[in-house]
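Take a look at the structure set out below.
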Amino acid sequence: MLSVFTGLADWLVYRMLGLAPDDKLGDALHFFVEDVTKIFVLLALIIFVIGLLRTMLTPERLRGLLAGKRRGPAYLLAGLLGAVTPFCSCSAVPLFIGLLEASVPMGVTMTFLITSPMVNEVAVVMLLAILGWKITLLYFATGMIVGIVGGLLADRFGLERFVEDYVWKIRMGEAPAIEADTSLRGRIAFGLAQVREIVGRVWLYVLIGVGIGAGLHGFVPQEFFAAHAGADNPFAVPLAVILGIPLYSNAAGMIPIVEALIGKGVPIGTVLALMMSTTAISLPELMILRKVLKLPMLGLFAAFLAVAFVGVGYLFNAVL
Amino acid sequence: MKAIKVLGSGCANCVNTAKLVEETARSLGVEIAIEKVTDMAAILGYGVMSTPGVVVDGKVVHAGGIPKRDAVESWLKA
């Protein structure tokens, strides 16, 4: 099915523009055309289909689902809900406060905050389409485990004390009952609105990601990565994680870079560590969380994730 | 005169929502007093976690995302 996009890129770059496949520019341009079309079509399709099925898994409803659950199931549920909710990071603060206010434990809330940006339907479908089910499953499972372990640790060490004091004083009003339109037409309208909103939010990251991917693919020789980011370089994984911390992108924007790096023979653990670190830890995200978390907690949050991603990277490189 | 509050921390969607409400009110000739609520405690006080939210005469009518124009019209006409 995805060969349509290869065909399109073949036609445009080799036939219409007359570039040769062994030409660096032609190769890079081919990657760019193929990935831009493929990723935008996939992205729109995924968001639309999920939008049809979900119509309104709102933060208000999420809070209702998590409130009053026993801890064990709550962690798993928080991780899974993090995976299926596409809330943008600007919803992170009200959601965080709302969950704590509903007496959802801090740890469960942290689990949600960790898995939400990292594991989602977009990442899963794109990894599935481009890298196959094994890597997808590994990515999903480790994302969930990192989120749940992070939450458990936050709970174990009583990190509630690092939540800003004003958060505990907020009292929430009764959640408004806003009925969703669940007719087929309502669902389609909701799905389309979601596509517009999410694509509008991420398109630039996707273009930049594909641009970087195309540059790596066409112009950086394989030997460069073999020399610097090969399996025998023990620093490659931590370096990938550190590189990803200040950078921010979303899963859709990281896919072309992941694809290009794996194509160049960079070990999968190293590449996934970079992807996780870029999507889950970033300066803008930390600045948003700073509104509800004290500085030491942000440090612990970033440090835990960094260490976890390095571990994940080494593990995958050793196993695969 | 309807009292409209737009709940939101100042994100682009919230600004656009306020603009949409103002424009719609003008085209319908309905008089409104619009207020932007940016204080998180106040927003959560309305039970709204997904911004932007819209409150008409003290009642929450919308939460999450920019509302549709015909929805806005129905609030203003009611």
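The values are calculated or read from the model by the stated rules, or taken from the named source; none is laboratory data. On a predicted model such as this, the values are computed, not experimentally measured, just so you know. With ideal geometry, Cβ positions are generated from the backbone for all residues, glycine too; neighbour counts draw on all protein chains shown.
Some notes on this structure:
- The condition of being in contact (Cβ under 8 Å) with a residue 40 or more places away in the chain and more than 16 Å from A:Leu43 (Cα to Cα) holds for only one of A:Gly209, A:Gly253, A:Gly230, A:Gly213, that being A:Gly213.
- Any hit, the stretch B:27-38, residues being out of contact with any Leu (no Cβ under 6 Å at 6 or more places or on another chain) and within 14 Å of another protein chain (Cβ to nearest Cβ): yes
- Residue that is touching a residue at least 60 places away in the same chain (Cβ under 8 Å) and either of a type in the set (Ser, Thr, Tyr) or touching a Ser or Thr at 6+ places or on another chain (Cβ under 9 Å) (or both), where the choices are B:Leu76, B:Leu7: B:Leu76
One line per residue, one yes/no per condition, for (1) loosely packed, with under 15 Cβ neighbours inside 10 Å; (2) among the basic types (Lys, Arg); (3) more than 14 Å from chain B (Cβ to nearest Cβ):
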| residue | (1), (2), (3) |
| --- | --- |
| A:Phe190 | no, no, no |
| A:Gln194 | no, no, no |
| A:Gly200 | yes, no, no |
| A:Tyr205 | no, no, yes |
| A:Pro221 | yes, no, yes |
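- Selection status of A:Gly98, surrounded by fewer than 19 Cβ atoms within 10 Å (Cβ to Cβ), over 18 Å from the mean Cα position of the chain (by Cα) and either within 14 Å of chain B (Cβ to nearest Cβ) or in a loop (DSSP other than H, G, I, E, B) (or both): no
- Among (1) within 14 Å of chain B (Cβ to nearest Cβ); (2) under 30 Å from A:Leu45 (Cβ atoms); (3) out of contact with any Gly (no Cβ under 6 Å at 6 or more places or on another chain); (4) touching a residue at least 12 places away in the same chain (Cβ under 8 Å), the one test that A:Ser116 misses: (3)
- Residue selected from the stretch B:10-39 under the condition hydroxyl-bearing (Ser, Thr, Tyr) and in contact (Cβ under 8 Å) with a residue 24 or more places away in the chain, by the criterion surrounded by the most Cβ atoms within 10 Å (Cβ to Cβ): B:Thr17
- Condition met for B:Val56 (of a type outside the set (Gly, Ala, Ser), buried (at least 21 other Cβ atoms within 10 Å of the Cβ) and touching a residue at least 24 places away in the same chain (Cβ under 8 Å)): no
- Residues satisfying the stated conditions in the stretch B:39-78, i.e. more than 9 Å from every other protein chain (Cβ to nearest Cβ) and on the phi > 0 side of the Ramachandran plot: B:Asp57, B:Gly58
- For the stretch A:156-186, a residue qualifies if it is surrounded by 16 or more Cβ atoms within 10 Å (Cβ to Cβ) and modelled with pLDDT of 85 or more, and the qualifying residues are A:Leu159, A:Glu160, A:Phe162, A:Val163, A:Val167.
- The conditions of being in contact with a Ser or Thr (Cβ under 8 Å, 6 or more places away or on another chain) and at pLDDT 85 or above are met by A:Ala78.
- Hits in the stretch B:5-18 - residues which are more than 18 Å from B:Asp57 (Cα to Cα) and in a helix (DSSP H, G or I): B:Ala12, B:Asn13, B:Cys14, B:Val15, B:Asn16
Residue-wise test of (1) in contact with a Lys or Arg (Cβ under 7 Å, 6 or more places away or on another chain); (2) among the β-branched types (Val, Ile, Thr); (3) assigned to a helix (DSSP H, G or I).
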position: A:Val195; (1), (2), (3): no, yes, yes
position: A:Gly200; (1), (2), (3): no, no, yes
position: A:Gly230; (1), (2), (3): no, no, no
position: A:Ile255; (1), (2), (3): no, yes, yes
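- Every listed requirement among (1) over 15 Å from the mean Cα position of the chain (by Cα); (2) within 14 Å of chain B (Cβ to nearest Cβ); (3) closer than 23 Å to A:Ala306 by Cβ is met by A:Val108 save one, (2).
- Test: residue in the stretch A:10-20 that is under 19 Å from A:Pro117 (Cα atoms) and modelled with pLDDT of 80 or more: no
- Taking the stretch A:255-302 as the range and being crowded, with 21+ Cβ neighbours inside 10 Å and in contact with a His (Cβ under 7 Å, 6 or more places away or on another chain) as the test, only A:Ala260 passes.
- Matching option when the condition is surrounded by 14 or more Cβ atoms within 10 Å (Cβ to Cβ), closer than 24 Å to A:Glu174 by Cα, touching a strand residue (DSSP E or B) at 6+ places or on another chain (Cβ under 9 Å) and at pLDDT 85 or above, among B:Ala63, B:Ala42: B:Ala42
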